[in-house]
1. Quick one: count up the residues across the stretch 216-253 that are within 9 Å of the ligand (Cβ to nearest atom) and among the aromatic types (F, W, Y).
2. Give all pairs with beta carbons closer than 6 Å in which a residue from the stretch 275-290 that is at pLDDT 95 or above meets a residue that is acidic (D, E); count only pairs at least 6 apart in sequence or on separate chains.
3. Give all pairs with beta carbons closer than 9 Å in which a residue from the stretch 69-92 that is at negative phi and without any contact (Cβ under 8 Å) to a residue 40 or more places away in the chain meets a residue that is among the basic types (K, R) and assigned to a strand (DSSP E or B); count only pairs at least 6 apart in sequence or on separate chains.
4. From the set of residues in the stretch 254-276 that are of a type in the set (A, V, I, L, M, F, W, C), within 16 Å of the ligand (Cβ to nearest atom) and crowded, with 21+ Cβ neighbours inside 10 Å, which is farthest from the chain's Cα centre (by Cα)?
5. Cβ contacts < 8 Å: first residue of a type in the set (S, T, Y), restricted to the stretch 222-247; second residue more than 9 Å from the ligand (Cβ to nearest atom) and assigned to a helix (DSSP H, G or I), any location; separation 6+ or different chain. Result?
6. I'd like the residue in the stretch 277-292 that is buried (at least 24 other Cβ atoms within 10 Å of the Cβ) and either in a helix (DSSP H, G or I) or of a type in the set (G, A, S) (or both) and, out of all such residues, is nearest to the ligand (Cβ to nearest atom).
7. For the stretch 151-197: of the residues being assigned to a loop (DSSP other than H, G, I, E, B) and crowded, with 18+ Cβ neighbours inside 10 Å, which is nearest to the chain's Cα centre (by Cα)?
Amino acid sequence: MTKVNASITALSAYVPEYRLTNKELEKMVDTNDEWIKTRTGILERRILKKEGEGTSYMAVQAINNLLERRGIGADEIDLIICATVTPDLVFPSTACIIADKIGAKNAFAYDLMAACSGFLYALATGQKFIESGTHKKVLIVGADKMSSIIDYEDRATCIIFGDGAGAVLLEPNEDGLGIQDSILKSDGHGRHYLHQKAGGSVKPASHETVDAREHFVYQDGKTVFKYAVTNMADVSAEIMERNGLTADDVAYLLAHQANKRIIDATANRMGVGSEKVLMNIERYGNTTNGTIPLLFWDFEKKFKKGDNLILAAFGGGFTWGSIYLKWAY
Ligand SMILES: CC(C)(COP(=O)(O)OP(=O)(O)OC[C@H]1O[C@@H](n2cnc3c(N)ncnc32)[C@H](O)[C@@H]1OP(=O)(O)O)[C@@H](O)C(=O)NCCC(=O)NCCS
């Protein structure tokens, strides 16, 4: 029997218009353009300023364009998995809201939470539904309105994050293209270093939690940096090794855009030259679940059928992982 792989057959992304530049951040917190550029690689990020709109708004912009490009209706979608840490509401899921807004009447939909590794986790999860033959058209969405949980008085975090969304469509492929392998990992001890203290069941929202600014992202940057560098590099090298790939075999590395120095370290460990490392962190910062689909969108024209792509991510949890895929169009 021919092996069925899950391959990406269409994609799109969306970023809001408003650009929050390093210069503007200089007026908000004690920081400077030079420090941000050299320590992170970020020049600006996009912020969703639309009153009353959240993560699903950006996801829907991306998905509607994706459906148009693929030439299919929303009613043909079987499943929507939305990776996000900034859902429109605590419940119901943002995926259900997206399904309703785009008119995906025949899809079941759910959210997946794995912080910055969420898009990779969702891609690997969607892959199983395609490979098992139960579902034929699976939408994988990565979307975050990080500006809704960022403290713009905290210079350690506000310089990093931005808003954005992207989506890919997974469909069956019988020509050996599509997702070849994935390695996904997690270590809950990492929760101490990157989290949102209040608003969950342990510490529900109260006047006190709001006054203490506990609904914003807390990050121990130095510690997260250390774990990110080691783990993202290890897992990317491991996926190459177990698939017999040399650096020459790899067409491009698409790594989570959290910090240019972490991405460079991963590429070094893989032995992959900088010309193969796709980067857009300078324009968007860290959009959490949006980074990898935004890379797909920005660099789609570079990819050729059969290209070996390595995806890699690291995020809160800790969660991390790598996916090896062969580009299908
Ligand atoms: C957040 C991050 C950019 C900070 O960079 P860093 O090189 O680790 O910086 P440090 O925290 O060691 O701080 C170095 C100095 O810069 C200062 N500093 C911190 N933020 C600053 C800012 N925005 N502007 C200017 N100076 C800043 C610190 O106070 C410190 O000063 P000191 O030496 O006088 O104490 C970096 O740690 C990082 O990218 N962490 C990982 C992010 C990540 O991958 N997240 C996970 C996935 S979402």
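1. First, the residues of the stretch 216-253 that are within 9 Å of the ligand (Cβ to nearest atom): 217, 219-229, 232.
Still in the list and also among the aromatic types (F, W, Y): 225, 227.
Residues flagged as within 9 Å of the ligand (Cβ to nearest atom) and among the aromatic types (F, W, Y) within the stretch 216-253 amount to 2.
2. N280/D298; T287/D144; T288/D144; N289/D144; G290/D144
3. Going by the 9 Å Cβ cut-off, the qualifying pairs are D88/K145.
4. Looking at residues that are of a type in the set (A, V, I, L, M, F, W, C), within 16 Å of the ligand (Cβ to nearest atom) and crowded, with 21+ Cβ neighbours inside 10 Å, I get A267.
5. Y227/G190; S236/T266; S236/R269; S236/M270; T246/M240
6. We begin by selecting, within the stretch 277-292, every residue buried (at least 24 other Cβ atoms within 10 Å of the Cβ); these are 281, 284-292.
Of the ones still in play, those that are also either in a helix (DSSP H, G or I) or of a type in the set (G, A, S) (or both) are 281, 284-285, 288-292.
Values: I281: 10, Y284: 13, G285: 10, T288: 6, N289: 10, G290: 12, T291: 9, I292: 12 Å.
So the residue we want is T288.
7. Start the filter on the stretch 151-197 by keeping residues that are assigned to a loop (DSSP other than H, G, I, E, B), which leaves 151-154, 159-160, 162, 174-177, 187, 193, 197.
Right, trim to crowded, with 18+ Cβ neighbours inside 10 Å and you get 159-160, 162, 177, 193.
Details: I159: 18, I160: 14, G162: 12, L177: 22, Y193: 19 Å.
Among those that are assigned to a loop (DSSP other than H, G, I, E, B) and crowded, with 18+ Cβ neighbours inside 10 Å, it is G162.
So that you can scan it fast, the table gives a plain yes or no per residue for (1) within 13 Å of the ligand (Cβ to nearest atom); (2) in contact with a helix residue (DSSP H, G or I) (Cβ under 9 Å, 6 or more places away or on another chain); (3) small (G, A, S):
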| site | (1), (2), (3) |
| --- | --- |
| A6 | no, yes, yes |
| S12 | no, yes, yes |
| I36 | yes, yes, no |
| L43 | no, yes, no |
| E51 | no, no, no |
| G54 | no, yes, yes |
| A59 | no, yes, yes |
| G71 | no, no, yes |
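The values are calculated or read from the model by the stated rules, or taken from the named source; none is laboratory data. Since the model is a prediction, treat every value here as computed from it, not as a measurement. Neighbour counts are summed over all protein chains in view; Cβ atoms, including those assigned to glycine, are modelled from backbone coordinates with ideal geometry.
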